[in-house]
Amino acid sequence: MDPAGPAGPAGGSDLRHSAGPWTKAAGVAESLQAGLGTAKGRLTTAHDGVTGGMRGLACGDVLKAVLASWEERVGVVKRECGALAPALRRVADEQHEQDVRVKSSVDAVPSEGPLVPGSGRRSSFWSSDGGVPSGSSTP
């Protein structure tokens, strides 16, 4: 596995992410939720056929308890998947919105010095004398 990931080496200038993994994970959670609904129905149907012929036997009560336990577990996971899918989609949306805000902020920062009045050109904000801003005097 590449520790740098798809964006390149750590500290690189090309930080990238996309909504793809988040929306794919949301889709998986929804598929799992749907599959659990089907599985729970099949589990209940299977137990109905078995427990009906075991009236009066102790194992029938045990099977009913096992069914109730599994139905509860499947229900918990199904509810968790139902809550997880929209949360994952929200992350993708919020990251996109944050990217737009950051890009807007970065784009607003001038990459060169201010315009020199009347010249139509930009001045270099920093002078070549070791970092003292142009027009400033050293003590």
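Each Lys or Arg adds one and each Asp or Glu takes one away; over the other residues whose Cβ falls under 13 Å from the Cβ of Ala29, this sums to +3.
Each Lys or Arg adds one and each Asp or Glu takes one away; over the other residues whose Cβ falls under 15 Å from the Cβ of Gly75, this sums to +2. Annotation: Lys24 carries an accessible surface of approximately 150 Å², with a 1.4 Å probe and no ligand, DNA or RNA atoms counted.
The values are calculated or read from the model by the stated rules, or taken from the named source; none is laboratory data. Predicted, not measured: the structure shown is a model, and the values here were computed from it. Using ideal geometry, Cβ is built from the backbone for each residue, glycine included, and neighbour counts are taken over all protein chains shown. The area values use the complete protein model at the heavy-atom level, side chains included, leaving out ligands, DNA and RNA. Shrake-Rupley method; radii C 1.70, N 1.55, O 1.52, S 1.80 Å.
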